[in-house]
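First comes the structure, then the notes that go with it.
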Protein chains: 6
Amino acid sequence: MIRPPTPNDVAALTQAVHESVRDVSRWMAWCHPAYAEADAESWIRSTMQGHAEHSAFEFVIVDDGGSLIGCCGINHVNQVDRFANLGYWIRSSRTGLGIATRAVQVLAEWTFANTALNRLEIVVAVGNLRSQRVAEKCGAIREAILRQRLMVGGQPVDAIMHALVRE
Amino acid sequence: MIRPPTPNDVAALTQAVHESVRDVSRWMAWCHPAYAEADAESWIRSTMQGHAEHSAFEFVIVDDGGSLIGCCGINHVNQVDRFANLGYWIRSSRTGLGIATRAVQVLAEWTFANTALNRLEIVVAVGNLRSQRVAEKCGAIREAILRQRLMVGGQPVDAIMHALVRE
Amino acid sequence: MIRPPTPNDVAALTQAVHESVRDVSRWMAWCHPAYAEADAESWIRSTMQGHAEHSAFEFVIVDDGGSLIGCCGINHVNQVDRFANLGYWIRSSRTGLGIATRAVQVLAEWTFANTALNRLEIVVAVGNLRSQRVAEKCGAIREAILRQRLMVGGQPVDAIMHALVRE
Amino acid sequence: MIRPPTPNDVAALTQAVHESVRDVSRWMAWCHPAYAEADAESWIRSTMQGHAEHSAFEFVIVDDGGSLIGCCGINHVNQVDRFANLGYWIRSSRTGLGIATRAVQVLAEWTFANTALNRLEIVVAVGNLRSQRVAEKCGAIREAILRQRLMVGGQPVDAIMHALVRE
Amino acid sequence: MIRPPTPNDVAALTQAVHESVRDVSRWMAWCHPAYAEADAESWIRSTMQGHAEHSAFEFVIVDDGGSLIGCCGINHVNQVDRFANLGYWIRSSRTGLGIATRAVQVLAEWTFANTALNRLEIVVAVGNLRSQRVAEKCGAIREAILRQRLMVGGQPVDAIMHALVRE
Amino acid sequence: MIRPPTPNDVAALTQAVHESVRDVSRWMAWCHPAYAEADAESWIRSTMQGHAEHSAFEFVIVDDGGSLIGCCGINHVNQVDRFANLGYWIRSSRTGLGIATRAVQVLAEWTFANTALNRLEIVVAVGNLRSQRVAEKCGAIREAILRQRLMVGGQPVDAIMHALVRE
């Protein structure tokens, strides 16, 4: 269901981003109408480097037929204190089906099994209700409201800190 | 009272670290008996790169006579979401005098005046009471207990998240 | 969908209150079996004064056919600190349809666009689960349990503070 | 130690305000260099009305010699839900002596003995450390950070909600 | 819907436990494949003693036909401070139907009506999402994350404290 | 500094309790003017049983000269979930000297070294500021306000949950 991205994903990823601009760009600055295949290529290359250096573990989410339906990943890895950020997005035509929840659960399990990380943080803007619901359904626990923790649309906004912790 | 470190600080910094091993090494892994001038040199060089690249803003704390009495700094800068980590330590012979509190206040003021950062996080292990008191006295607000957020002595421990926010 | 009440709403409002006594009176002291058209008239007059003085912005919620299905509003306006209370109720025959959630979202948007208020508080008794769900679904963030913050049935009860904040 | 203000307090109050502009005006908009005896008169008259109408219970704090050293009071009384705001300030020449703490304790005791209020809220801007310490020392319990709850210097700021509750 | 267990429940209880080992044993150490009728007998006897001594009030949940579909109860009663723990489990073939929620509501009502207890705590491991949902739906309010409060699978885990309070 | 009580402590303990009635009885129901040597004897006997059964670990605090200056202990041990309550009191003539803080630190260290307990809870009534300060100074972390968790003077009151956790 999740696998590392490869250069073959460029076209599908670009298409998925374009399809999702209306929903995703509000919350994630990298998602915008001018997103091009070159952006996808560059990101995929960086994810390969991330896996190699253990600085980020990004994945594409694919359905049973192999179609790309979103991305999820571990990034901002802090190897000293062994925590990282966990992020995800689903292409607009496939939201509302519980895909993000299952993908995050698989990703978290993979991460606790294959890395030394103890803590995965899911930080969501207070206005992003859909993403908060994913965090809660996959078992991340809400710990706090962090003030001005994210930039959304060029403005600082409060965010909710959820965390999955190794047990 | 605070200024960027220079190569001239190598000897004083090394001495300050050695003097403080018993107090500081428990909480900060970089502080240990084998700390050498080469470590100080390497750190100082990295702080110069940090200032240049705007990825970290590290400072030494000096007294009126110019003696090095500790360090404080901004690091783990996230330029997309405009937040960073704020850290500090005082050499053992100068603790208990309110120096860290004043230095952090100056540092935070400098940061809000000279960078685009909106939020400075002070993350302290639950057992580190002295450092928690500094965070509170300099006006950082306790937002939450973050589970397993730090490694202390090779073990994950809970930490208290305090934050100073631009107003 | 929401509009200021007018004297023409007296009959419909009185009927809606009577229909809802069993559900609403438990949580809101103004709602009781003896509620009369005079009470509706008096409240409507006070809402007109509220709009005029900017001390409260009360609305009725109407369906596509113009029928009154509930009320929502901004009150306890603090013009110095620019925050206010946000309240709502739906007549018993129309609950469970998501009407309150949509009305509150429209109301909050209107308020941030048309007033200087920065913060809208939704304070719900701990036992009032249905109302808590509305607060969460419309994007208000739970900030705390406030002890003995409301009177319910003549007794002080704890309440949950949710807030929507201007961004 | 605390008593209702009277018209005889006008001169002393005006003087105390002027003496305290540097410390108090940052946090309280009513305190500014142009504060005149007319402002004191007007406020004292309003406090007499407040006591009469049970809408506010404002007091001056006086020392053993009868000199005015500050004010404290209950205001924003909500008679339906039986809670109110509790505020205080001490003239600059008398701060740091624990006067506010003792005055607030007397005030809270008076309020629970003489009114039906169940809950007294002390809401302090996150940057106002001195006032937070008073709230903690007099036994009010910190319940939450309320986002953008106060205006300070024309900007919305987060505030800490402390409360004293009738037992 | 809920009634005290009797010796006649031994067979049905044992069967229900066996049916539920896969779901329940992860969270509750008493539930394991070797659970025998002797364990059921012993537990039922202890519940009778609990009712007699007012130290625990355990119940079986039965459907309209009288079949045993789970258990719920009050235990760890602290008679000095008048609080207790509230627990529940539903046999695997009957989960997902809202039975636990209704049973807990009946149990809490019974407890507040028939005992002097003021506070019922529902403490759920952070990973046990299904049980957290029951706690929320029956009106218990989440108060905190308690660190290392439960043992699950031989390891200490964090838990969420929910409470129902007498009003 | 701390040792298990012995029958020889009866007289000193009774005297310490009497001396402290005014300060302690408000918060702890067992402390009252009628406390007699028989009560001390009975308590000491029960602490011996507690140590033997690992159900409670109560200690007396003694000064360098061997005089009894207070008590501290671990009780309400939950052996399944490996947590317990931690309590303390200091005789009135010896308060304010930091004795409780040091004794609790020794007690917690002893407990983590000699038992399987993972979590020690210090639960303090919201009005008991002195005891809250001890909890904070000995490194217990405030986790939440628990509503109506203690009985004080025959009334339910809110309490602050602090915890020390094994690391």
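What the table shows:
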{"read-out": "Tally of residues being more than 25 Å from E:Leu117 (Cα to Cα) and part of a strand (DSSP E or B) across the stretch F:126-142", "value": "1"}
{"read-out": "Of the criteria (1) open to solvent by less than 70 Å² (accessible area, probe 1.4 Å); (2) over 30 Å from F:Gly154 (Cα atoms); (3) within 14 Å of chain F (Cβ to nearest Cβ), which one E:Asn78 fails", "value": "(2)"}
{"read-out": "Among the candidates E:Cys72, E:Cys31, residue that is within 14 Å of another protein chain (Cβ to nearest Cβ) and crowded, with 18+ Cβ neighbours inside 10 Å", "value": "E:Cys31"}
{"read-out": "Number of the condition not met by D:Gly139 [criteria: (1) closer than 30 Å to B:Arg133 by Cβ; (2) open to solvent by less than 20 Å² (accessible area, probe 1.4 Å); (3) in contact with a helix residue (DSSP H, G or I) (Cβ under 6 Å, 6 or more places away or on another chain); (4) more than 14 Å from chain C (Cβ to nearest Cβ)]", "value": "(4)"}
{"read-out": "Among (1) more than 13 Å from the chain's Cα centre (by Cα); (2) closer than 27 Å to A:His32 by Cα, the one test that A:Val80 misses", "value": "(2)"}
{"read-out": "When residues of the stretch D:63-74 are limited to those that are outside any loop (DSSP other than H, G, I, E, B) and small (Gly, Ala, Ser), the one farthest from D:Leu97 (Cα to Cα)", "value": "D:Gly73"}
{"read-out": "The stretch D:132-149, residues that are under 17 Å from the mean Cα position of the chain (by Cα) and of a type in the set (S, T, N, Q)", "value": "D:Gln132"}
{"read-out": "Test: residue in the stretch E:8-15 that is under 16 Å from E:Gly73 (Cβ atoms) and either open to solvent by 60 Å² or more (accessible area, probe 1.4 Å) or of a type in the set (S, T, N, Q) (or both)", "value": "no"}
{"read-out": "Test for F:Ala34: is it part of a helix (DSSP H, G or I) and small (Gly, Ala, Ser)", "value": "no"}
{"read-out": "One residue from D:Ile44, D:Ile74, D:Ile69 being over 22 Å from C:Met151 (Cα atoms), among the β-branched types (Val, Ile, Thr) and in contact (Cβ under 8 Å) with a residue 40 or more places away in the chain", "value": "D:Ile69"}
{"read-out": "The stretch C:91-105, subset touching a residue at least 60 places away in the same chain (Cβ under 8 Å) and not in a helix (DSSP H, G or I), residue least open to solvent (accessible area, probe 1.4 Å)", "value": "C:Arg91"}
{"read-out": "Qualifying residue in the stretch C:35-42 (condition: open to solvent by 10 Å² or more (accessible area, probe 1.4 Å) and within 14 Å of another protein chain (Cβ to nearest Cβ))", "value": "no"}
{"read-out": "Criterion: touching a strand residue (DSSP E or B) at 6+ places or on another chain (Cβ under 9 Å), basic (Lys, Arg) and within 23 Å of D:Ser67 (Cβ to Cβ) - qualifying residue of D:Arg147, D:Arg91, D:Arg119", "value": "D:Arg91"}
{"read-out": "Any chance E:Val134 is closer than 19 Å to B:Val157 by Cβ and either at the interface with chain F (Cβ under 10 Å from one of its Cβ atoms) or of a type in the set (A, V, I, L, M, F, W, C) (or both)", "value": "no"}
{"read-out": "Selected residue (criterion: least open to solvent (accessible area, probe 1.4 Å)) from residues of the stretch E:58-69 that are out of contact with any strand residue (DSSP E or B) (no Cβ under 8 Å at 6 or more places or on another chain) and either at pLDDT below 95 or not polar (S, T, N, Q) (or both)", "value": "E:Gly66"}
{"read-out": "Any chance C:Ile145 is open to solvent by less than 20 Å² (accessible area, probe 1.4 Å), among the β-branched types (Val, Ile, Thr) and either within 11 Å of chain D (Cβ to nearest Cβ) or assigned to a loop (DSSP other than H, G, I, E, B) (or both)", "value": "no"}
{"read-out": "Those residues of the stretch E:106-141 which are closer than 11 Å to E:Ile74 by Cβ and of a type in the set (Ser, Thr, Tyr), in sequence order", "value": "E:Thr111, E:Thr115"}
{"read-out": "Test result for D:Leu120, within 13 Å of chain C (Cβ to nearest Cβ), assigned to a strand (DSSP E or B), at pLDDT 95 or above and farther than 22 Å from D:Trp30 by Cα", "value": "no"}
{"read-out": "Subset of the stretch D:43-57 (residues that are open to solvent by 70 Å² or more (accessible area, probe 1.4 Å) and part of a loop (DSSP other than H, G, I, E, B))", "value": "D:His54"}
{"read-out": "Options E:Val60, E:Val17, E:Val77: the member that is assigned to a helix (DSSP H, G or I) and not aromatic (Phe, Trp, Tyr)", "value": "E:Val17"}
{"read-out": "Residue satisfying all of: in the stretch E:153-164; facing chain F (nearest Cβ under 9 Å) and either open to solvent by 20 Å² or more (accessible area, probe 1.4 Å) or out of contact with any Lys or Arg (no Cβ under 7 Å at 6 or more places or on another chain) (or both); nearest to E:His51 (Cα to Cα) among these", "value": "E:Met161"}
{"read-out": "Selection from the stretch C:106-132 of residues that are without any contact (Cβ under 8 Å) to a residue 40 or more places away in the chain and in contact with a helix residue (DSSP H, G or I) (Cβ under 6 Å, 6 or more places away or on another chain)", "value": "C:Val124"}
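Yes/no per residue for (1) within 14 Å of the chain's Cα centre (by Cα); (2) part of a helix (DSSP H, G or I); (3) within 11 Å of chain B (Cβ to nearest Cβ):
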site	(1), (2), (3)
A:Leu107	yes, yes, no
A:Thr111	yes, yes, no
A:Val124	yes, no, no
A:Met151	no, no, yes
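The values are calculated or read from the model by the stated rules, or taken from the named source; none is laboratory data. Keep in mind the model is a prediction, meaning the values are calculated, not measured. All Cβ positions, glycine included, derive from the backbone under ideal geometry; neighbour counts span all protein chains shown. All accessible areas refer to the heavy atoms of the entire protein, side chains included, with ligands and DNA or RNA removed. Shrake-Rupley method; radii C 1.70, N 1.55, O 1.52, S 1.80 Å.
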